[in-house]
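Visitor: Below: one structure in structure tokens.
The values are calculated or read from the model by the stated rules, or taken from the named source; none is laboratory data. These numbers come from a predicted model, not from an experiment. Cβ placement follows ideal geometry from the backbone for every residue including glycine, while neighbour counts extend to all protein chains displayed.
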Number of protein chains: 2
Amino acid sequence: MEDSRAADGGRQRPTLEMVAAEAGVSRGTASRALNGGHNVSRRAMEAVQAAAARLGYRPNLAARSLVLGRSGSIGLVVSESDERLFSDPYFATVARGVHAELMAHDVQLVLALAQTPAERERMLRWSAGRPLDGVIIISVHGADPLPGAIATEGVPVVIGGAVEGPDRDIPGLASVDADNLAGARTAVEHLVARGRTRIGHISGPLDMVVGRDRLEGWRSVVSGLPGGALPTLSVEGDFSEASGAEGARRLLAAHPDLDGVFTSNDVMARGALGALQQAGRRVPQDVAVVGFDDLPGTEGIAPGLTTVRQPVIEMGRQMARTLLTMIEGRPLAERHAVVPTTLVVRETT
Amino acid sequence: MEDSRAADGGRQRPTLEMVAAEAGVSRGTASRALNGGHNVSRRAMEAVQAAAARLGYRPNLAARSLVLGRSGSIGLVVSESDERLFSDPYFATVARGVHAELMAHDVQLVLALAQTPAERERMLRWSAGRPLDGVIIISVHGADPLPGAIATEGVPVVIGGAVEGPDRDIPGLASVDADNLAGARTAVEHLVARGRTRIGHISGPLDMVVGRDRLEGWRSVVSGLPGGALPTLSVEGDFSEASGAEGARRLLAAHPDLDGVFTSNDVMARGALGALQQAGRRVPQDVAVVGFDDLPGTEGIAPGLTTVRQPVIEMGRQMARTLLTMIEGRPLAERHAVVPTTLVVRETT
DNA sequence: ACTCCACATGGGAGCGCTCCCAGCCTGCTC
DNA sequence: GAGCAGGCTGGGAGCGCTCCCATGTGGAGT
């Protein structure tokens, strides 16, 4: 009656103490019976479990976190507009991998958005309070201070993507990235092998390492071509379908003799394909197209697209595994992992 | 050295006790200085804040949750495949509204996935441990026991969508839904007003109330038409673009004289539009099309689409407000809110 | 029969925080 | 100049849990 905390329904929620009393044992025994059951007699075990069930006991996670020093959950932080977050299948796929791995380890995954500067500041303060045992951050733009700041607070961080600059040396910060440079190079070399000489690129955002890396891969191959890497042969996109279409139109406008396009992801390839078709170009006869990603379940995006596959689900799993390793304080084989990509040739080249 | 909890970096993270000592005051005073600052002298206030900054103090959220009985964060639970979650802009939009409202109230939002039965069971156990002060659940299929179960555990629940059956009477469970029945009716009546008599429907999943409600809205209007509501005039979709296209093809196959289509969301309308075009039908001359949703920022999905607008962002905000009201134990004006929709006429009718 | 040990148990300590309350010291009123 | 109200303060209690350790208990070994 006088418990201000009993706002829920009515009576006090059962505590371990109450379960123990109900079962006729002590708190310690009840605790052991409910977790693992080491050094607990069969009789006590059953009594406790029955009592817990009868009372509808649910352990208070805050209390457990307090004494254990960990919460049993980790965060997937996305620094991306929700527009993109929910429209680019890349995030879903990473999340799927992370999720799969964590479920296997009985760790709860929570997604948190950190888009605006205010939200990012808030995220830092929050995570420093240790509601999460570690965080995975995907989609890092520019020289984002957030990952380093969180890691410096002592919360293990894994970045999905590349890490540049001083952040590389923060011990509590690891990363998993695809070999974007090599992947892009393979894609463009494939176009060259198909006899293309006028190869354009529609890049990702250039404030992201991934955007710059794939651009650089393209440039390194194209610069060896007769025409070279003309500035007008690469246009900046933002990974959206619309930007892919727009990019293709701009490439065609500047280079009507365009015969190959490498886009920084498959979604933009879809946009480009549409724009090329509208411009009357046949694919692959007139213009060959290569994308990047090859996410499972997205065949519908651009059927028959030749693309560079990065094993995104497996990368998500690896991010989760890496984070769990750091949380447990075990040594890491490699702090900054780079996973290889494979070219998947289909009908657009 | 002997603290097993110091796995992070090196030394023990600062506690309020240490801040108090550093500032030369007691724990109580330090606590008051850091929260609100009632009954704290200017001198103490400054000393504590300086000490906290010097030590890099971050309050331990688990300890605070334990004593306060609340965590300051709420969950957005999505019982949807991540495929759909990340491909349907609806979720992003709800999330946006919820997020906006919560930020204004200084509450942390976390998203959690509960897709498979195992995950849903896990979600129930987890949320019963009160890591969240309340949850918003969107995308409820069938007679999903999860919302009721969580509410019964004493955790306030708001459902984004309609609630049917016994769950309606659970006090700790509220909902916010669009007036799908009226909205669908308006859409179909508009088609009738445009002189259409052969009006098909591509529904949402019929295991969802929203799918059934919009279907019922269509049926109630169409059944008054000369042709009536032939079973072959409605096909079940799943809110995806592909299912919209497939639905339109099936409608055309069964009814070549089709002159109107109402789809249960805009994404399916896009698919239908594509299929109609492929089949050589002109829109709106031959076939008029009305969608549902009209989400902000999705003009690109189906330009010029006539559709039924539901105020999804505002609905998200309302879900958040409702949940916060319940968490604070204040009475609710209406437990099951239904918000009106508006028809937006554009070029496809 | 006696020792010994493994298992089982209860209860104290303590995680880091907020609340409460008694006590203090001002400064003001009469 | 005594009395009193109020602002500040310190420290105890306690949130619900897990760990640790001292203390039983039984059965196996000699």
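Visitor: Please determine, by comparing only the residues of the range B:270-322 that are over 24 Å from B:Ala193 (Cα atoms) and among the acidic types (Asp, Glu), which one is nearest to the chain's Cα centre (by Cα).
Guide: Only one residue fits best here, namely B:Glu314.
Visitor: Say whether the condition of being within 13 Å of chain B (Cβ to nearest Cβ), touching a residue at least 12 places away in the same chain (Cβ under 8 Å) and surrounded by 18 or more Cβ atoms within 10 Å (Cβ to Cβ) is met by at least one residue in the range A:187-204.
Guide: no
Visitor: Something else about it: If you go through the range A:212-242, how many residues are part of a helix (DSSP H, G or I) and modelled with pLDDT under 95?
Guide: Here the count works out to 4.
For every residue, the table says whether it meets (1) crowded, with 23+ Cβ neighbours inside 10 Å; (2) more than 7 Å from chain B (Cβ to nearest Cβ); (3) over 14 Å from the mean Cα position of the chain (by Cα).
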{"position": "A:Gly75", "(1), (2), (3)": "yes, yes, no"}
{"position": "A:Thr93", "(1), (2), (3)": "yes, yes, no"}
{"position": "A:Ala104", "(1), (2), (3)": "no, yes, yes"}
{"position": "A:Ala118", "(1), (2), (3)": "no, yes, yes"}
{"position": "A:Met123", "(1), (2), (3)": "yes, yes, yes"}
{"position": "A:Gly129", "(1), (2), (3)": "no, no, yes"}
{"position": "A:Ile136", "(1), (2), (3)": "yes, yes, no"}
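Visitor: Now, a different point. Which residues, counting only those in the range B:47-82, are without any contact (Cβ under 8 Å) to a residue 60 or more places away in the chain, touching a Gly at 6+ places or on another chain (Cβ under 6 Å) and outside any loop (DSSP other than H, G, I, E, B)?
Guide: B:Leu61
Visitor: Another question, then. Assuming B:Ser71 fulfils every condition listed in (1) among the hydroxyl-bearing types (Ser, Thr, Tyr); (2) within 14 Å of DNA strand D (Cβ to nearest atom); (3) modelled with pLDDT under 95 apart from one, which condition is it?
Guide: Failed condition: (3).
Visitor: Given the criterion more than 16 Å from DNA strand C (Cβ to nearest atom), assigned to a helix (DSSP H, G or I) and modelled with pLDDT under 95, identify the matching residue among B:Val98, B:Val94, B:Val140.
Guide: Details: B:Val98 fails: modelled with pLDDT under 95; B:Val140 fails: assigned to a helix (DSSP H, G or I).
Going through B:Val98, B:Val94, B:Val140 in turn, just one is more than 16 Å from DNA strand C (Cβ to nearest atom), assigned to a helix (DSSP H, G or I) and modelled with pLDDT under 95: B:Val94.
Visitor: With the requirement that a residue be over 14 Å from B:Arg58 (Cα atoms) and touching a residue at least 24 places away in the same chain (Cβ under 8 Å), what does the range B:13-45 give you?
Guide: Across the range B:13-45, the qualifying residues are B:Glu22, B:Ala23.
Visitor: Please work out if A:Asp266 is touching a strand residue (DSSP E or B) at 6+ places or on another chain (Cβ under 8 Å), surrounded by 19 or more Cβ atoms within 10 Å (Cβ to Cβ) and more than 29 Å from A:Leu85 (Cβ to Cβ).
Guide: Taking the combined requirement at face value, the residue does not satisfy it.
Visitor: Quick check on this structure: which one of A:Ser71, A:Ser31, A:Ser65 is within 28 Å of B:Ser81 (Cα to Cα), out of contact with any His (no Cβ under 8 Å at 6 or more places or on another chain) and polar (S, T, N, Q)? Walk me through how you get there before you give the answer.
Guide: Numbers: A:Ser31 fails: within 28 Å of B:Ser81 (Cα to Cα); A:Ser65 fails: within 28 Å of B:Ser81 (Cα to Cα).
So the residue among A:Ser71, A:Ser31, A:Ser65 that is within 28 Å of B:Ser81 (Cα to Cα), out of contact with any His (no Cβ under 8 Å at 6 or more places or on another chain) and polar (S, T, N, Q) is A:Ser71.
Visitor: Same structure again: Among the numbered criteria (1) crowded, with 16+ Cβ neighbours inside 10 Å; (2) closer than 30 Å to B:Arg168 by Cα, which one does B:Val339 miss?
Guide: Only one criterion is unmet by B:Val339, namely (1).
Visitor: Let me ask you something else. Failed condition for B:Pro171, given (1) surrounded by fewer than 17 Cβ atoms within 10 Å (Cβ to Cβ); (2) within 10 Å of chain A (Cβ to nearest Cβ); (3) not acidic (Asp, Glu); (4) not in a loop (DSSP other than H, G, I, E, B), with all others met?
Guide: The number of the failed condition is (4).
Residue by residue, here is whether (1) among the hydrophobic types (A, V, I, L, M, F, W, C); (2) under 16 Å from B:Val140 (Cα atoms); (3) assigned by TED's automatic domain parsing to the domain that holds B:Val235 holds:
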{"site": "B:Val155", "(1), (2), (3)": "yes, no, no"}
{"site": "B:Gly165", "(1), (2), (3)": "no, yes, no"}
{"site": "B:Arg168", "(1), (2), (3)": "no, yes, no"}
{"site": "B:Glu189", "(1), (2), (3)": "no, no, yes"}
{"site": "B:Pro205", "(1), (2), (3)": "no, yes, yes"}
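Visitor: Tell me the residue from A:Ala47, A:Ala53, A:Ala30, A:Ala23 that is over 38 Å from the mean Cα position of the chain (by Cα), hydrophobic (A, V, I, L, M, F, W, C) and away from DNA strand C (no atom under 13 Å from the Cβ), please.
Guide: Going through A:Ala47, A:Ala53, A:Ala30, A:Ala23 in turn, the sole match is A:Ala53.
Visitor: Continuing with the same structure: Taking B:Val155, is it part of a loop (DSSP other than H, G, I, E, B) and modelled with pLDDT under 95?
Guide: Judged against the criteria, B:Val155 is not a match.
Visitor: What are the pairs with Cβ atoms under 6 angstrom where one residue, in the range B:122-142, is over 25 Å from B:Val209 (Cα atoms) and the other, located anywhere, is assigned to a helix (DSSP H, G or I)? Sequence gap at least six, or different chains.
Guide: B:Gly129/A:Leu61; B:Pro131/A:Leu61; B:Asp133/B:Ile327
Visitor: Can you pull out every residue in the range A:84-121 that is β-branched (Val, Ile, Thr) and over 16 Å from A:Leu132 (Cβ atoms)?
Guide: Keep residues of the range A:84-121 that are β-branched (Val, Ile, Thr), which gives A:93-94, A:98, A:107, A:110, A:116.
A:Thr93, A:Val94, A:Thr116, listed by residue number.
Visitor: Sticking with this one: Condition first: assigned to a helix (DSSP H, G or I), surrounded by fewer than 19 Cβ atoms within 10 Å (Cβ to Cβ) and more than 12 Å from DNA strand D (Cβ to nearest atom). Now tell me which residues in the range A:23-42 satisfy that.
Guide: Scanning the range A:23-42 gives a single hit, A:Arg42.
Visitor: Same structure again: In the range A:1-18, is there at least one residue being within 14 Å of chain B (Cβ to nearest Cβ), in contact with a helix residue (DSSP H, G or I) (Cβ under 8 Å, 6 or more places away or on another chain), within 30 Å of B:Glu328 (Cβ to Cβ) and modelled with pLDDT of 90 or more?
Guide: Checked the range A:1-18: at least one residue is within 14 Å of chain B (Cβ to nearest Cβ), in contact with a helix residue (DSSP H, G or I) (Cβ under 8 Å, 6 or more places away or on another chain), within 30 Å of B:Glu328 (Cβ to Cβ) and modelled with pLDDT of 90 or more.
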